[in-house]
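The values are calculated or read from the model by the stated rules, or taken from the named source; none is laboratory data. Everything numeric here is computed off the predicted structure, so don't read it as measured data. Every residue, glycine among them, receives a Cβ derived from its backbone with ideal geometry; neighbour counts consider all protein chains shown.
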Amino acid sequence: MNISARNVFEGTITALSNGAVNAEVEVTTQGGDKIVAIVTEGSVKSLGLAIGQPAVAYTKAPWVMVVAGDSKIRFSTRNQLSGTVKRLTKGAVNSDVAIALAGGSVVHAVITNEAVLELGLKEGAPATALIKASHVVLGVPV
């Protein structure tokens, strides 16, 4: 299957917290990177989500925010994925920022060229990708 989301994290469900309306689901990649998704309880049931089950977490690159360096600010964003800028691909208005994580995953963010300059992003620099758990879509193999 081809999908338009740049960020694809294959792994295993390692935590599942059910609620009245939504559930919090943690997917851990083979390298140990963790992505948390908020899904409806209906999705938990229809997808048959359970701890130990393989799953894939998807998020679109424009939904990813980037923090440069070591931030002194705490964020409410559930997914705070620190790593190193692996590649910057500049377009006419926006740039694709690829951040390599410790476990081997790569997170892509699409941000304005102006933001790249303001943040002082460059290859090899530390950066953190912020992804709201509600911006993560889960899929399971059939």
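Any residue at all in segment 59-80 that is among the basic types (Lys, Arg), touching a residue at least 60 places away in the same chain (Cβ under 8 Å) and more than 16 Å from Glu10 (Cα to Cα)? Within segment 59-80, none of the residues are among the basic types (Lys, Arg), touching a residue at least 60 places away in the same chain (Cβ under 8 Å) and more than 16 Å from Glu10 (Cα to Cα). Consider Arg87 carefully, then state whether it is part of a strand (DSSP E or B) and of a type outside the set (Asp, Glu). It is true that Arg87 is part of a strand (DSSP E or B) and of a type outside the set (Asp, Glu).
Is at least one residue of segment 112-124 among the polar types (S, T, N, Q) and crowded, with 16+ Cβ neighbours inside 10 Å? Scanning segment 112-124 turns up no residue that is among the polar types (S, T, N, Q) and crowded, with 16+ Cβ neighbours inside 10 Å.
Among the residues that make up segment 41-53, is at least one of them in a strand (DSSP E or B) and on the phi < 0 side of the Ramachandran plot? Among the residues of segment 41-53, not one is in a strand (DSSP E or B) and on the phi < 0 side of the Ramachandran plot, which makes the answer no.
Conditions tested, residue by residue: (1) outside the structural domain of Ile13 (by TED's automatic domain parsing); (2) of a type in the set (Phe, Trp, Tyr); (3) within 29 Å of Met1 (Cα to Cα); (4) out of contact with any Asp or Glu (no Cβ under 7 Å at 6 or more places or on another chain).
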position	(1), (2), (3), (4)
Asp33	no, no, yes, yes
Gly48	no, no, yes, yes
Val67	yes, no, no, yes
Ser71	yes, no, no, yes
Leu88	yes, no, yes, no
Val97	yes, no, yes, yes
His108	yes, no, yes, no
Leu119	yes, no, no, yes
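When Ala37 is tested against the conditions (1) over 21 Å from Val106 (Cα atoms); (2) part of a strand (DSSP E or B), the lone failure is (1). Filtered by the rule that a residue be in a loop (DSSP other than H, G, I, E, B) and within 18 Å of Ile38 (Cα to Cα), segment 59-84 gives Lys60, Val64, Phe75, Ser76, Thr77, Arg78. Against the test of being assigned to a strand (DSSP E or B) and not β-branched (Val, Ile, Thr), the options Ala23, Ala92 yield a single qualifying residue, Ala23. Just so you know, in segment 125-142 the residues that are among the small types (Gly, Ala, Ser) and either touching a Pro at 6+ places or on another chain (Cβ under 6 Å) or outside any strand (DSSP E or B) (or both) include one that is surrounded by the fewest Cβ atoms within 10 Å (Cβ to Cβ), and it is Ser134.
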